[in-house]
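Working notes for the structure below.
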Amino acid sequence: MTRFVPIVLAFAVPAAVAAPFAAPLASPDRHLSVDVRVTPAGTLEYAVQRDGKPVILPSALGLVLEGADLASGLTLAQASPVRAVADDYELAAGKKRRIGYRANEQVVTVRNAKGQTMDVAFRVSNDGVAFRYVVADAGLPLKTFVSEATSFAFARDAKAWLQPVAVAQVGWGRANPSYEEHYQRGIPVGTPSPMAGWVFPALFRTGDTWVALTETGMDGSWHASRLAARSEGGVYRLGTPMAPEVADAPMGNALLASARGTLTSPWRVAAIGSLGTLVESTLGTDLAAPAIAFDRAKAVPGHASWSWALLKDDATEFDTQKRFIDYAADMGWNYTLVDAEWDKRIGYERMAALARYAQSKRIGLLAWYNSSGNWNDVPFTPKSKLLTHAQRKAEFARIAGMGIKGIKVDFFNGDGQSMIRYYVDILDDAAAAGLLVNFHGATLPRGWARTYPNLMTAEAVRGFEYTTFEQKDQDAVPAHAAMLPFTRNLFDPMDFTPMVFGDIPKIRRVTRNGFELAESVLFLSGIQHYAEIPEGMAKAPPYVKAFLRTLPRSWDDVRFVAGDPGRHAVIARKAGSAWYVAGFNGTDEDATLDLDLAFLAGRSGQLITDGAGERDFAQGTLAGGRQKIVVKARGGFVARFE
């Protein structure tokens, strides 16, 4: 192991000058700490401990820019006094409504042999560690990214739960990568990716500690990162997008970050603690930029009907969409999504009439768009209407004037800097028009749900639609879904488009109905687009429909109850005075789960779970306190505690 030369860290004290403090930067509760040092070789490294035990082993930091190597030959210039960070904010849709972020922050400044400087800001909260780079050196008027030394090193006996990155511009319509692969579960650290790397969030367990790696705070000036394909010895390095992952004219084709003036990276985040700490953590939004101005009356989370999931393209016609509006109204939902080709199959004039009909039923209409210019071969329309600010301004004004409440934008092209800028531009222009946004075929949102209250959800997951194409994807659903509360849906909204109680055309559904119903609580999405159609919902018992009619559209609080990534998850969510407890079993055997419901002691919940058959429901009660519950293979349950 490299012998560290310690950086002196200074805490602010009441005396006239700050007292030197040669100790790691600690979390407010002192359980987590990060030690930052310049090595004898002139590189910058950090290490993280939890209760004195190593979690992230000595790992590299640093950037290489054109004309500035800020990863080697470094010396310490200064370390700022530690300051306490307090940030209170609200989310329209997420794990919690009102969030208070508390952390200790320190900025370390390093200098290279040319005298060029870089700041690295560290924050340590009770649930994790975050850092970002800031290069403001006036001697570099244009700061252009070349490479990054950042790494995360784990003990060799650690395990990982990771999703591979697909190779760019392969797959149907050359539409990859879209964060739509299955997870490898419990693999040894150092296992190479079978594709082009690993996506965020990336989940690890080292000893009794869980770690979730991600990034947040993307403003369009930096590319989105991933973990590199190779991680010899358990050292995971940050990787960059592949060459094709750029936008095209007129948005530009910048692959990697660059800036005139100050260049600031996203926050690199490591949520650390028990599995419950990760599930309850809000670090992914805590470190995102505060919300832009947006009319709160329009930032309405909710539930939506959607025909395309089971009925596909032929259902995008006026009468079918009118029937789905009626369906949403009957279920007490908020929205109906009209999918691809509406401009051809329905047309703008009749779409406006459909929006008026939806408004008469108190339903908001959402409309699909193809993001694409020429970066893929997907033909669906409306297409090439959002490529410039002028196009977006005109199109958004037109559909907002028709009464459309939001847009679903599909088929993006990866994580290059100009493509990330394109996402941000769409969000900004949609917000100016008062429109909600749902990104599909898209990148991980990385905290945008806080910065852009109009971003309701994003796909970035191998969701339900894949299970309608091939049986192998349906067979994989139970274990795949049991990964998502601990990875993809850990910090950012996820449009999995869950829940079918009836049949899937040409596919044998393997999940039980209790599993499907549990997804409605376990999966977080600002707008939850349900895949079930009116005919399937009509066969559900009245108590199931009553549950879905009154299911909250947003949540005030969250409690982790039990879980094992890829096997089972049980989570409690609060809305008002009611708690909803939901769980599912992703294995092929019945599971007896030990539930710690001490926070509900003395209360009794109305339970809906699986009946005798795979398509049956059953009712019962679930008491608070310490309980055991048997969950059938590929089954699940929900319970409502008043």
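Each value in this text was obtained by applying a stated rule to the coordinates, not by laboratory testing. Treat the numbers as computed from the prediction; the structure is a model and nothing was measured. Glycine gets a Cβ as well: all are built from the backbone with ideal geometry, and neighbour counts include every protein chain shown.
By average Cβ neighbour count within 10 Å, what is the ranking of 391-400, 588-597, 169-178 from highest down? Before the final figure, lay out each step's value.
On the way: 391-400: 16.8, 588-597: 15.0, 169-178: 18.7.
Going from most to least packed, we get 169-178, 391-400, 588-597.
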Just add up the charged neighbours of G332: K/R +1, D/E -1, any other residue whose Cβ is under 13 Å from the Cβ of G332. +3
In nanometres, the difference between 0.36 nm per residue of separation and the alpha-carbon distance of E642 and D157 is 170.2 nm
Cβ-Cβ cut-off under 11 Å around A259, Lys and Arg +1, Asp and Glu -1: the net charge is +1
Crossing angle, helix 318-331 versus the chain [Cα axis fit, 0-90 degrees, rounded to tens]: 80 degrees
Count neighbours as other Cβ atoms within 10 Å of each site's Cβ, and list the trypsin sites (Lys or Arg not before Pro) in the stretch 291-360 that are DSSP loop with at most 14 such neighbours. R296, K312
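As a test, work out the antiparallel percent of DSSP beta bridges whose residues both lie in the stretch 302-554, rounded to the nearest 5.
Details: 1 of 26 bridges.
Within the stretch 302-554, antiparallel bridges account for around 5 percent of the total.
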Taking the alpha-carbon centre of each part, the distance from the stretch 312-360 to the stretch 53-67 in Å is 51 Å
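Please work out the Kirkwood hydrodynamic radius for the stretch 302-554, using every pair of different C-alpha atoms, and report it in angstroms with one decimal place. Before the final figure, lay out the partial values.
Details: mean 1/r = 0.0545 Å⁻¹.
Here the Kirkwood hydrodynamic radius works out to 18.4 Å.
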Rounded to the nearest 10, the angle in degrees between the Cα long axis of helix 348-360 and the longest principal axis of the Cα atoms of the chain comes to 80 degrees
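Need one number for the chain: average projected area of the convex hull over its C-alpha atoms, nm².
Working: hull surface 110.9 nm².
Approximately 27.7 nm², given one-decimal rounding.
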The whole-number value in µm²/s of the Stokes-Einstein translational diffusion coefficient for the stretch 388-434, with Rh from the Kirkwood sum over alpha carbon pairs at 4 °C and 1.567 mPa s, is 114 µm²/s
Hey, rough spin-label estimate for S72 and V170, points 7 angstrom out along Cα→Cβ, what's it come to in nanometres? 3.2 nm
Residue-ordered couplings for the stretch 239-253, obtained by feeding phi - 60° into the Karplus form 6.51 cos²θ - 1.76 cosθ + 1.60 and rounding to whole Hz (Gly and Pro as x), are x, 10, x, 6, 3, x, 7, 10, 7, 9, 3, x, 7, x, 9
Dipole of the chain [Lys/Arg +1, Asp/Glu -1 at C-beta], most positive-end residue of I504, S307, S577: S577
For the chain, what proportion of DSSP beta bridges, expressed in % and rounded to the nearest 5, is antiparallel? 85 percent
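Count charges around D208 for me, please; just the other residues with Cβ under 11 Å from its Cβ, Lys/Arg as +1, Asp/Glu as -1.
Once positives and negatives cancel, what remains is +2.
At R0 = 25 Å, how high is the FRET efficiency between V146 and H389 if r is their beta carbon distance? Nearest 0.05 is fine. All intermediate terms of the calculation are to be shown ahead of the outcome.
Details: r = 30 Å, r/R0 = 1.20.
Approximately 0.25, to the nearest 0.05.
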Can you bin every Cα-Cα distance in the stretch 52-114 into 10 Å intervals starting at zero and give me the percent of pairs per bin, rounded to whole numbers? 16, 26, 30, 23, 6
Principal axes of the stretch 5-286: Cα extent on each, largest first, Å: 65, 45, 42
Report, ordered by chain and residue number, the lysines lying within cross-link reach of K628, taken as a straight Cα distance under 19 Å and ignoring same-chain residues fewer than 8 apart. none
C-alpha long axis of helix 389-402 to longest principal axis of the chain, angle in °: 30 degrees
All aspartates and glutamates inside 14 Å of K574 as judged from Cα atoms, apart from same-chain residues fewer than 8 positions distant: E280, D556, D557, E642
Students often get this wrong, so check it: of K344/K408; K361/K405; K114/K143; K405/K539, which have C-alpha atoms separated by over 19 Å? K405/K539
Can you grab the distance from the C-alpha centre of the stretch 497-575 to the C-alpha centre of the stretch 213-230, Å, no decimals? 31 Å
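Might you report the magnitude of the Cβ-based charge dipole of the stretch 419-565 about its Cα centre, with Lys and Arg at +1 and Asp and Glu at -1, to the nearest 20 debye?
Details: 15 positive and 18 negative charges, 60 e Å.
Once rounded to the nearest 20, the dipole reads 280 debye.
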